[in-house]
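Everything on this sheet refers to the single structure shown next.
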Amino acid sequence: MRHLMSPLDFTTQELDRLFDLAGDIERNKAKYAHACDGKILATCFYEPSTRTRLSFESAMTRLGGDVIGFSDAGSSSASKGESVSDTIRVISCYADICAMRHPKEGAPMVAMEHSLIPVINAGDGGHQHPTQTLTDLLTIRSLKGTLGGFTIGLCGDLKFGRTVHSLIHALVRYEDIRFVFISPEELKVPDYITEMLKDKDIPYEEVTSLEDVMPCLDLLYMTRVQKERFFNEEDYIRLKDFYILDMAKMELAKPDMLVLHPLPRVNEISVEVDKDPRAAYFKQVQYGVYVRMALILTLLELA
Ligand code: NCD
């Protein structure tokens, strides 16, 4: 039985197969409309989410399966003191596959160890968010045609942003990728990530000015400042509008640079950018459903 805890749980060849399957789903939706008939997905979300949870629910529904679950810890037995390991033992009797989000780093791994069904990490604290990474990789592969040979700028909250941490880990396995980390001093990418890049001899730079690096980027991954992970409101207020991508900055960029964002957006991309053909963040949402459909089929061994 396989689970998905980190994007590295799949080899790059397995990811290619997953993305090919997602592409086939996109082109032949009717072929998959009953692929999960009789199967149940449990969404166990101990932390607020709309898009990831709905994306999973949409994916399972489009495959013909059913969905059960809870969307905040208060409405689950966690509020009565039940452990994650007990919860998953119970959920294993109700469902065939489980997507779990938890504010504590590592909680989905604990669930995996006690589970009788495949568990998908749908985001654990500031740690990892592997299905967002699958979404990001599929978007890049589909719109750029390849997963290598580019300079990617990651901008915003690189300290707490789990989507950033997952994406960097996944991208280092591809050829000829250069990273530009754009953040205020307080929100720099954690040391364990820069250490990993140094060990692997992968080029990266850390800067604070977005304008200065715009012309050299092939991809720009914008992120929201992660309010819920701040210890102090004043720091959040000081940093939340540090970067705002607007059309003036887009004019400095390459004509084929893509802008990605895991969403939700707060202020970091002005709405005027949405009309620019380089804005790919809403297409990314659509790819997220196809890739989750492909993942569910793969983990249930139905594809
Ligand atoms: C991200 C997350 O939850 O980490 N959202 C998402 O899943 N699409 C990004 C964020 O909340 O900023």
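None of the figures in this text is laboratory data; all of them are computed from the coordinates on show. Keep in mind it's a predicted model, so treat the numbers as computed, not measured. Virtual Cβ from ideal backbone geometry, glycine too; neighbours counted across all protein chains shown.
With springs connecting C-alpha atoms under 10 Å apart, model the chain as a Gaussian network and identify which of V291, V266, V180 has the largest mean-square fluctuation.
Its mean-square fluctuation being the largest, the pick is V266.
Give me E205, E268 ranked fewest to most by other Cβ atoms within 10 Å of their Cβ, as a rough exposure proxy.
Details: E205 13, E268 19.
By the 10 Å Cβ count, ascending: E205, E268.
Please list 85-96, 119-130, 232-243, 254-265 highest first by mean number of surrounding beta-carbon atoms within 10 Å per residue. Don't skip to the end; give the middle numbers.
Details: 85-96: 16.9, 119-130: 24.7, 232-243: 14.0, 254-265: 18.5.
Going by the mean number of other Cβ atoms within 10 Å, highest first, we get 119-130, 254-265, 85-96, 232-243.
For the stretch 86-199, rounded, prolate or oblate, judged on the Cα gyration tensor with a ≥ b ≥ c (square roots of eigenvalues), a/c < 1.5 rounded, else prolate if a/b > b/c?
Prolate is the answer for the stretch 86-199, as a/c is 1.5 or above and a/b outweighs b/c.
Taking neighbour counts of Cβ atoms within 10 Å as a proxy for exposure, in what order, fewest first, do T12, T151, T223, T43 appear?
T12, T151, T43, T223
Under 26 Å between alpha carbons, and skipping anything fewer than 8 positions from K275 in its own chain: which lysines qualify?
List returned: K144, K240, K249, K254, K283.
Would you please classify the overall shape of the chain from the alpha carbon gyration tensor, given that a ≥ b ≥ c denote the square roots of the eigenvalues, rounded means a/c under 1.5, and beyond that prolate means a/b larger than b/c while oblate covers the rest?
Taking the square roots of the gyration eigenvalues as a ≥ b ≥ c, the chain is prolate.
Of the beta bridges DSSP finds with both residues in the chain, what % are antiparallel, to the nearest 5?
If we restrict to bridges inside the chain, about 5 percent are antiparallel.
Quick one: among Q286, Q13, Q132, which has the greatest mean-square fluctuation in a GNM of the chain with alpha-carbon springs under 10 angstrom?
So, out of Q286, Q13, Q132, the one fluctuating most is Q13.
So which residue, out of L41, L147, L167, gets the largest mean-square fluctuation from a GNM of the chain using Cα contacts under 10 Å as springs?
Looking only at L41, L147, L167, the largest GNM fluctuation is found for L147.
Restricting to DSSP H runs of at least four residues, report the calculated mean residue ellipticity at 222 nm for the chain, -39500 (n - 2.57) per run over all residues, nearest 500 deg cm²/dmol.
Calculated from helices alone, the mean residue ellipticity at 222 nm is -11500 deg cm²/dmol.
Once the other residues with Cβ under 10 Å from the Cβ of Y46 are scored (Lys, Arg +1; Asp, Glu -1), what is the net sum? Numbers along the way, then the final one.
Values: positive: R101, K104; negative: E47, D72, D124.
Here the count lands on -1.
Among L258, L300, A279, which residue has its Cα furthest toward the positive end of the charge dipole of the stretch 200-303, with +1 on Lys/Arg Cβ and -1 on Asp/Glu Cβ?
Value: L300.
Please state the shape class of the stretch 168-303: rounded when a/c is under 1.5, otherwise prolate if a/b exceeds b/c and oblate if not, all from the C-alpha gyration tensor.
Note, shape of the stretch 168-303 comes out rounded.
Determine the distance separating the Cα centre of the stretch 1-74 from the Cα centre of the stretch 186-228; give it in Å without decimals.
29
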